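Report on the following structure.
The values are calculated or read from the model by the stated rules, or taken from the named source; none is laboratory data. A quick note: this is a predicted structure, and the numbers were derived from the prediction, not measured. Ideal geometry is used to build each Cβ from the backbone, glycine not excepted, and the neighbour counts take in all protein chains shown. Calculation scope for accessible area: heavy atoms of the full protein, side chains included, ligands and nucleic acids excluded. Shrake-Rupley method; radii C 1.70, N 1.55, O 1.52, S 1.80 Å.
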Amino acid sequence: MAIEKLKAKLIKQMLEKGFYDIKKVLEIDGKKGKISIRGERMLITSSLGFANLHGSVEKIAGKAAPAIIRAYGGSCAKRDFIGVWKAWLPDIKVETVLSLFSAIYSTVGWGKVVDISLGKDEGRVIFKNCFEADAVLKTYGKRDSSQCHFMTGYLGVLFSEMTGKDWQVTETKCEAKGDELCEFQIILK
């Protein structure tokens with residue numbers, strides 16, 4: 001337990017203060033046209049490109065679009081939990097994920113995590129400047145409903161993977177519909 005807390009503290013400090021030996025984490029190979037983080041190939045794209053994906057899925061799938069985007073978010077969360085969280089901290093605990101969540105997701109540009117909590121059968125995550133809401137708002141203007149389908153799917157699967165329980169996530173506030181922030185309610189199914 002003490003080793004996991006130390007690892008968590010070091011990862012949090014690294015993310016908040018920057019990488020000191022970035023070569024061990026980030027590899028940029030211009031000759032091959034590849035960027036990798038911890039051996040995983042990465043793609044840098046704009047959040048507006050993500051909004052275009054939203055729009056394309058909506059155009060093709062209609063009312064099924066939110067479910068498709070949530071499923072994509074969930075598959076990304078499963079991959080991230082196994083490939084990143086478990087790779088960095090094999091004996092990971094829920095408390096560790098919760099303590100590092102803000103530092104990691106704010107640092108990689110998903111938005112500023114202003115609150116995260118998880119109790120026995122409910123919790124919440126609040127983002128300010130959520131990349132998904134911001135991109136949809138800038139591309140399509142104010143919407144009538146919550147738009148962070150990717151984040152909803154991502155959070156549901158991430159919390160399920162880390163706890164071994166089945167969680168339902170609902171976005172109750174969304175910046176894309178004019179709210180001050182994006183708030184996700186997490187309820188045990």
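Structure notes:
- Note on residue 112 and residue 35: the model spin-label points, each 7 Å out from Cα along the C-beta direction, lie 2.4 nm apart.
- If you take the alpha carbon atoms of segment 49-161 and fit the smallest convex hull around them, that volume is 112 Å³ per residue.
- Of the trypsin sites (Lys or Arg not before Pro) in segment 69-123, the ones in a loop by DSSP (not H, G, I, E or B) with at most 11 other beta carbons within 10 Å are 120.
- Carbon + sulfur, % of accessible area of the chain - ligands and nucleic acids excluded, 1.4 Å: 55 percent
- Exceeding the 23 Å Cα-Cα cut-off - candidates 112/173; 59/142; 34/138; 128/177; 59/177; 32/59: 34/138; 32/59
- Once the 1.4 Å probe is applied to the protein heavy atoms, the chain comes out at 59 Å² accessible per residue.
- Cα pair distances exceeding 17 angstrom across segment 130-189, given as percent: 38 percent
- Overall size of the chain from C-alpha positions, given as principal axis extents largest first: 49, 46, 26 Å.
- DSSP-assigned coil residues among GluC sites (Glu not before Pro) in segment 149-189, each with at most 15 further Cβ atoms within 10 Å: 180
- When the residues 146, 99 are ordered by accessible surface, computed with a 1.4 Å probe over the protein chains alone, the sequence from largest down reads 99, 146.
- Using R0 = 41 Å, the C-beta based FRET efficiency linking residue 75 and residue 142 works out to 0.90.
- Hydrodynamic analysis of segment 31-77 uses the Kirkwood radius over alpha carbon pairs. Inserted into Stokes-Einstein at 25 °C and 0.890 mPa s, it gives a translational diffusion coefficient of 196 µm²/s.
- Nearest-0.05 FRET efficiency for residue 188 and residue 44, computed from C-beta distance (R0 25 Å): 0.10
- Whole-angstrom gap from segment 147-167 to segment 29-85, using each part's C-alpha centre: 15 Å
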